[in-house]
Structures are given as structure tokens and as C-alpha cells.
Amino acid sequence: MVVSAGIGVCGYNSICSLKADKRPKCECIEGYSLIDPNDIYGSCKPDFIQGCKEDELSSGKDLYDVVELRDAGWPTSDYLRLTSSTRETCRESCLKDCLCAVAVLRGGTCWKKKLPLSNGRVDSNRPSVAFIKIRKDNSTTLSQCPISKVIKKNQNGLIRVTSGLLAASVCINFMLFGASCMGFFFIYKWKPDRSSSPQEVPESNLRCFTYRELEEATDGFKEELGRGAFGIVYKGHLVETNANAAVAVKKLSSMLEDGEREFKAELKSIGHTHHKNLVRLLGYCDDGQNRLLVEGSLDVLVDYEAEALDDKERLEIYVMVSMWCIQENPSLRPNMRKVVQMLEGVVEVDDPPCPSPFYTTI
């Protein structure tokens, strides 16, 4: 036989006894009925509402009565044992305990049991008395007035809390919106006028270019010469009255408000600095959000300065000496003394053969 619920032949909250043919007979205890009427061995459910919460909400007194059943027991549903008990003390203890569904008195010991009751059976060999607690008048529902009052009270409290939170949220949002508006107002009110910044560089002989002029001079910032941490350098040509001057235009990255003063101070200091080894600063652009520096051509400094030409020749010598030192044939490599003489210009450096791209020895 397959048992779907409970422990034993019968389901929960039922009692098992033997018929005349020694076959089991399952019955729900008084005040309980089968969950599935078609399953005679199934579990039973109480026909009344029982529990600690329900008892507290009920306004009536003496809600329960006790039905006695002899020689019945549910050995696996105990939750409390009371020793030295009598019929009256065991009965009253179960009535006053909201968890107690059945109390079994056997040999002076009261066994209190709670739902669900499992492995219920009648055993005449173990005399006992079971006190089954059921509601009076076989009532199946509680008075709805207390529950309704509690629910209504909870709903009113929830409405008040929700309304308070909503009002506080609206006030906070208005305060944040007002603070944001005031912040933007003061920022834009005290923001410096960038359109007047080209005239704010006093005592400077630098030319002030417009962004459009430099955009045309660099052909839309087309040819890039290099880039650094603060901007990109483009090649450009300024069409003057007498010549087509090549220039380097450095387009600075976006600057913060704190860097505006430093930018103008740098223009004034560099504009008055003239040195043969420095590329001359010809002008600048301070147009709106754009920051550009216009410098002279580097070719003029490199191609026509004697010191720059000398540095170029020395660099060529260094390269030729290094090529001699990495020849594949070790016999062609100069010793350290000759290397020093070649670097100092004491010994003339001949043109070295081109080294093989693949070396067998170093």
C-alpha cells in the first residue's frame, strides 16, 4: 500500500483502527474531515480555524471544548511533556495552550501534541485518554470584525506613512531643483567672457589669430607634426604680404577655468622671450573654447644655424661608428681605442658597409 501523507497507513490528523477482518480503518478525529473525500487513507484537516494569532484576534471567551477518545495516541507529534498530571490538569493545560491540538494522558504523564498529528492509532494494550480540542458550536469561521478592524488600522497606518514619505520626497526634489538653478545661475553669471580674452594680454607683441584663420592656414588641421600631453601640433602656412611663411600650430586640449590665468601668463612670458635656440612664438588664438599657439618654422632654426648643422654632422658620425661596431665579420669591428678616436674626430670615419639583417655572431 502506498501512503501519500503522514506516517503509517493513515494520513495526518486521523486515527487508525483494525476492523473485524484485521484490515486497517482510517477515520478523521472529531472536528476534522478528509482533504480528499475520495481518498479514505488520506490526510484530514480541521473544520475550524485554530492558532495563536486567531485566538488573540477573537473577542469571545472559552472558544474551545474537549472531546475525549480512549486508547488513542499519536506518538510522533509530541512537543511538551507534563509529569504528575491528572485528567483535569492535562485537559486545562491543552485548552489554555494555543499550540495544543490534542493532549494524551497516559500513566500520570500528559503529552501535548500539535498539528499535524501523525501515525495516529488505537491501541487497547496501552490505556490512555486523548483530549481533542475543537471549537464550540462547531464554528468554522471567526468573527470578521476584529480582523477587519486590524486590517483597516494597518491600511490607515500605511496610508499615513506613504503620504508622509511622498510629501518629504516632493519637498526634497523642489529643494534640489532650486539649489541646482541657483548654482547654474551663479556659474554663468560669474563666468568670464572669453570673447574679450584676446584683448586681456597686455604688453604683448604677439599677433592674435582667429580660429578661422588658423583653420585655413593648416588646411583644416590636416597635416599632423606631433602630439603631446597638452595638445597636437599641425603644419601650416601663413600667407603674408611678402612670403608664404611655414608655421607650426599647436592646438591645446580643452582647459579648465583654473588654467585660463596660467595660459595668459604663459603667452606674456614666451612672447617676450627670444633666443637663437628657441622657435619664436608668433601668435596665439583665444577664440571661445579654442586655445592655439602659432610658432615659427623649425626648418629655419635647423637648416641655417651653424650649431645645429654641427650637431647634425656629429650625429651622422655616431651612427657610422655604431654601424662599424655591429659588423657581422668580427675582424671589421674597430677596437675600443679606435672607437674613441673616431668619436673624438681624431680618426676619420669611413662609410661602413651595410650590415646583414641576419647575424650569425655578435
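The values are calculated or read from the model by the stated rules, or taken from the named source; none is laboratory data. Since this is a predicted model, take the numbers as computed values, not measurements. All Cβ positions, even for glycine, are placed from backbone atoms using ideal geometry, and neighbour counts span all protein chains on display.
Remarks
- For segment 85-120, the candidate set comprises residues that are in a strand (DSSP E or B) and β-branched (Val, Ile, Thr); within that set, the residue that is nearest to the chain's Cα centre (by Cα) is Val102.
- Of note, Cys171 satisfies the criterion of being loosely packed, with under 15 Cβ neighbours inside 10 Å and either modelled with pLDDT of 75 or more or touching a strand residue (DSSP E or B) at 6+ places or on another chain (Cβ under 9 Å) (or both).
- Qualifying residue in segment 66-84 (condition: in a helix (DSSP H, G or I), at pLDDT 90 or above and not acidic (Asp, Glu)): no
- Any hit, segment 43-61, residues being at pLDDT 90 or above, farther than 17 Å from Lys133 by Cα and under 58 Å from the mean Cα position of the chain (by Cα): yes
- Spans of helices (runs of 4 or more DSSP H) in segment 249-362 with at least 1 residues under 58 Å from the mean Cα position of the chain (by Cα), surrounded by 11 or more Cβ atoms within 10 Å (Cβ to Cβ) and at pLDDT 90 or above: 306-325
- The residues of segment 29-45 that are surrounded by 20 or more Cβ atoms within 10 Å (Cβ to Cβ), more than 17 Å from Thr76 (Cα to Cα) and not hydroxyl-bearing (Ser, Thr, Tyr), listed by number, are Gly31, Gly42.
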